1. Would you be able to say whether some residue in region 156-175 is more than 16 Å from the ligand (Cβ to nearest atom), more than 14 Å from the chain's Cα centre (by Cα), free of Cβ contacts under 8 Å to residues at least 40 places away in the same chain and crowded, with 20+ Cβ neighbours inside 10 Å?
2. I'd like the full set of residues that are surrounded by fewer than 24 Cβ atoms within 10 Å (Cβ to Cβ) and either over 17 Å from the mean Cα position of the chain (by Cα) or at positive phi (or both), limited to region 75-93.
3. Tally up the residues in region 103-149 that are acidic (Asp, Glu) and farther than 30 Å from residue 161 by Cα, please.
4. Looking at residue 240, is it at pLDDT below 95, among the hydroxyl-bearing types (Ser, Thr, Tyr) and in contact with a strand residue (DSSP E or B) (Cβ under 9 Å, 6 or more places away or on another chain)?
5. Just wondering, is there one or more residues in region 229-247 that are away from the ligand (no atom under 16 Å from the Cβ), among the aliphatic types (A, V, I, L, M) and surrounded by fewer than 16 Cβ atoms within 10 Å (Cβ to Cβ)?
6. I want to confirm something. Restricting to region 63-98 and keeping residues that are within 16 Å of the ligand (Cβ to nearest atom) and of a type in the set (Ser, Thr, Tyr), which single residue is farthest from residue 44 (Cα to Cα)?
7. Can you find, within region 199-221, the residue that is farthest from residue 257 (Cα to Cα) among those that are within 12 Å of the ligand (Cβ to nearest atom) and in contact with an Asp or Glu (Cβ under 9 Å, 6 or more places away or on another chain)?
8. Buried (at least 21 other Cβ atoms within 10 Å of the Cβ) and touching a Ser or Thr at 6+ places or on another chain (Cβ under 6 Å): is that true of residue 143 in this structure?
Amino acid sequence: MTKSILINSFAIVLLAIVSCSSPTAKSKSAVKPEATFYQYNIWAAFVNKVFDGHLKVSELKEHGSIGLGSFDHLDGELVMLDGKAYRVREDGVISEGKDDDEIVYADACFFKSDTAVLLNRFMNYDLLRSQLNLQLPTANHFYAFTIQGVFDSVTLGGLHKQSPPFKQGLDVLIPQRPVFKGKNVAGTMVGFYCPQFIGDINTAAYHFHFISDDKKLGGHVMEISSGKKLTVNLQKLPHYQFDMPASQTFDTVKFDKQFQYNKK
Ligand SMILES: [Zn+2]
């Protein structure tokens, strides 16, 4: 069971504080799912050791066809593409998540590209972010992206599986993450952009995961380059929905640590 809030993106912070109501049929029908940024868990809670999530893969699929996140107890990074939820375990081995597998953190949407742009080649992630910034109609909305092609190099992060009681948060675990690398890899970047006003509810700016076409390489994008022009598909997401974990860990978490990837 989860508690849901359906809100307009501009009211997210205020409503997150004042409202924690149960979903109703009326509120669910008020937002078109194909234009909605769906989020499970709160980034700041995930950073602060809320690693026991109960969102099933089958439930996540009700909220999107693409997505990213982490499986329960950090037992694998999540990359969702074409409606399939892939799990990249700490040893880099990729499997498809089963319907009852549980997820601790996720972003997702039913992706329907409204803009396709040919990118110039990018020699690193910063240059890709700079190009993407130029393509956003406004920095104050939420967006979903897919970037498909052959990438010159990819550096991807996993996470080490944790067992309760959880001792360290993501501020410690992410710098220690396992790293997977590849060259001349055909695959897809799946990601989201959140405006700066999101604070620590989600990751500010860009967050991408990657999965290769052969499903042998995947994870959180740490560094990436392409010597060719690739097409980015993006979708503006004017609605936002998030579910919070129904767990004692979440109920009692202290938000004393912060971690953000890159706010550019
Ligand atoms: Zn990630």
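The values are calculated or read from the model by the stated rules, or taken from the named source; none is laboratory data. Note that the coordinates shown come from a computational prediction; the quantities given were computed from them, not determined experimentally. So basically every Cβ, Gly included, is an ideal-geometry build from the backbone, and we count neighbours across all protein chains shown.
1. Checking region 156-175: not a single residue is more than 16 Å from the ligand (Cβ to nearest atom), more than 14 Å from the chain's Cα centre (by Cα), free of Cβ contacts under 8 Å to residues at least 40 places away in the same chain and crowded, with 20+ Cβ neighbours inside 10 Å.
2. 82, 83, 90, 91, 92, 93, listed by residue number.
3. 1
4. no
5. First, pick out the residues of region 229-247 that are away from the ligand (no atom under 16 Å from the Cβ): 229-247.
Keeping just the survivors that are among the aliphatic types (A, V, I, L, M) gives 230, 232, 234, 237, 244, 246.
So of that shortlist, the ones also surrounded by fewer than 16 Cβ atoms within 10 Å (Cβ to Cβ) come out as 246.
Yes, region 229-247 contains a residue that is away from the ligand (no atom under 16 Å from the Cβ), among the aliphatic types (A, V, I, L, M) and surrounded by fewer than 16 Cβ atoms within 10 Å (Cβ to Cβ).
6. It comes out as 86.
7. Among those that are within 12 Å of the ligand (Cβ to nearest atom) and in contact with an Asp or Glu (Cβ under 9 Å, 6 or more places away or on another chain), it is 218.
8. Here the answer is no, as residue 143 does not meet what is asked.
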